[in-house]
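Participant: Take a look at the following structure, please.
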Amino acid sequence: MNDRYSRQILFSPIGQEGQEKLAEKHVLMIGAGALGTGNAEILVRSGVGKITIVDRDYVEWSNLQRQQLYTESDANNRMPKVIAAKSRLEEINQDVQIEAKIIDVTPLEMGQLIDGVDLIIDATDNFDIRLIINDISQKYRIPWIYGAVVASYGISYTILPNETPCLHCLLQQVPMGGMTCDTAGVISPVVQMVVAHQSAEALKILTDNQEALRKRLISFDLWTNQQASIDVSTFKNTSCLSCGEAPTYPHLSYESQTKTAVLCGRDTVQIRPTSAGKRDLQTIAARLSNTGKVEQNSFLLSFTSEPHRLVMFHDGRVLVHGTSDVTEAKSLYYRYFG
Amino acid sequence: MKLLVNGNHLQVPSNVFTIADVITHFFKHDPIVIVEHNGIILEKNNHPKQIVADGDKIELVEFVGGG
């Protein structure tokens, strides 16, 4: 037995007992971008028992400025983020069980991923998926920690089923867009600040120190030097369809699911085909080889026809790079993939 | 008029009368925002009715989606 966790055990609210509890806990990390890599590294170094990391994307050069688990080699090889993250996290702490899932999360996948999970950490980049996480959290009574960033601004809130208002209560409307990393960029320090808040709250929950939870909605801007902290407990709505007295979990229904998504900071649209099943990328590559430049690794196929690049994964998902226009992206998708 | 917004003393123009005006003044877009005015949380439909006065303390928290 080495003294890997000695300083954390010396911290009396955790102690030996908290450390042992932590080693038995399973965290579901939705997203392996800036917030996901930061939170995952802290929890793995802290000695959590298991982390399941889920992400649909692969590493690009524009990620390296803030997504702390990735290297130039990962970007050059277009490694799926969760594969690169797992590899680095296992170098950091081989005692933690890391499960990597290259998937685009829908309610169906969430229902399968949630088994045995003690906490969900939100490291996603859009509200569609956050509202799914919110409903799953309420349905299975599992806490989750919202976190988000754009430019130099960050926000976080810890949602406890039966206790706090849920995201649906707080938003009071379905977001229709706003500033994104695409339009406003993002700086790394604000990512680290949100990660610090999320991971501290996670450690409190995972070591059964619920009384220490912040219980307030916080936000900060590290460039304009503003910060806010609000007690939002009055927002808990007994008629909320996600957390109220007669919940219907509206965001888990098929009708509420998005089949296309504009990816934050990427000038990219994701198309998720309605037809399920594994794609034969070899055959598709051969078909496309006379039309443009085709590159492949064991996880994906990349097809470039200037000024656009389309990347297909085994599950049929396609990332259309070079546009944020969903209609144009669909047109390109059907033009090249039928 | 001066307001204490998210911990900073800020001057706002004379056409700012309500919380909804404060939001319009500080955001270029139409944000999803939670507002605390002198320690009281406001429902969204009260934003256009809630009058602000010199020295008021306002906390604005905008929901964003990036990550």
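The values are calculated or read from the model by the stated rules, or taken from the named source; none is laboratory data. Not measured: the values here are computed from a predicted model. Cβ placement follows ideal geometry from the backbone for every residue including glycine, while neighbour counts extend to all protein chains displayed.
Participant: With the requirement that a residue be more than 14 Å from chain B (Cβ to nearest Cβ) and among the small types (Gly, Ala, Ser), what does segment A:26-58 give you?
Facilitator: Within segment A:26-58, A:SER46, A:GLY47, A:GLY49 qualify.
Participant: Then there is this: If a residue must be touching a strand residue (DSSP E or B) at 6+ places or on another chain (Cβ under 9 Å), under 15 Å from A:GLY36 (Cα atoms) and part of a loop (DSSP other than H, G, I, E, B), how many such residues does segment A:57-85 contain?
Facilitator: 4
Participant: Please go through segment A:241-266 and pick out each residue that is within 14 Å of chain B (Cβ to nearest Cβ) and either of a type outside the set (S, T, N, Q) or surrounded by 17 or more Cβ atoms within 10 Å (Cβ to Cβ) (or both).
Facilitator: Residues satisfying the conditions are A:ALA261, A:VAL262, A:LEU263, A:CYS264, A:GLY265, A:ARG266.
Participant: Continuing with the same structure: Take the residues of segment B:26-67 that are under 17 Å from A:SER233 (Cα atoms) and assigned to a loop (DSSP other than H, G, I, E, B): which is farthest from the other protein chains (Cβ to nearest Cβ)?
Facilitator: Looking at the filtered set, the residue picked out is B:ASN38.
Participant: Just one of the numbered conditions (1) in a loop (DSSP other than H, G, I, E, B); (2) closer than 19 Å to A:LEU217 by Cα; (3) of a type outside the set (Asp, Glu) is not true of B:ILE23; which one?
Facilitator: (1)
Participant: Same structure again: Taking the criterion of being farther than 16 Å from A:ASN77 by Cβ and either assigned to a strand (DSSP E or B) or in contact (Cβ under 8 Å) with a residue 60 or more places away in the chain (or both), would at least one residue in segment A:279-287 satisfy it?
Facilitator: So far as segment A:279-287 goes, no, none of its residues is farther than 16 Å from A:ASN77 by Cβ and either assigned to a strand (DSSP E or B) or in contact (Cβ under 8 Å) with a residue 60 or more places away in the chain (or both).
Participant: Hey, another quick one. So for segment A:205-226 (the condition being among the aliphatic types (A, V, I, L, M), in contact with a strand residue (DSSP E or B) (Cβ under 6 Å, 6 or more places away or on another chain) and within 14 Å of another protein chain (Cβ to nearest Cβ)), does at least one residue qualify?
Facilitator: yes
Participant: Could you tell me whether any residue of segment A:133-146 is surrounded by fewer than 23 Cβ atoms within 10 Å (Cβ to Cβ), assigned by TED's automatic domain parsing to the domain that holds A:ILE53 and small (Gly, Ala, Ser)?
Facilitator: no
Participant: Another question about this same structure. All but one of (1) surrounded by 15 or more Cβ atoms within 10 Å (Cβ to Cβ); (2) at pLDDT 95 or above hold for A:ARG214; state the number of the condition that does not hold.
Facilitator: Among (1) surrounded by 15 or more Cβ atoms within 10 Å (Cβ to Cβ); (2) at pLDDT 95 or above, the lone unmet condition for A:ARG214 is (1).
Participant: Could you tell me which of the residues A:ILE155, A:ILE133, A:ILE121 is in contact (Cβ under 8 Å) with a residue 60 or more places away in the chain, within 14 Å of chain B (Cβ to nearest Cβ), of a type in the set (A, V, I, L, M) and within 23 Å of A:GLY244 (Cβ to Cβ)?
Facilitator: None of the others qualify; the one that does is A:ILE133.
Participant: Among the numbered conditions (1) touching a residue at least 12 places away in the same chain (Cβ under 8 Å); (2) in a helix (DSSP H, G or I), tell me where A:VAL105 comes up short.
Facilitator: (2)
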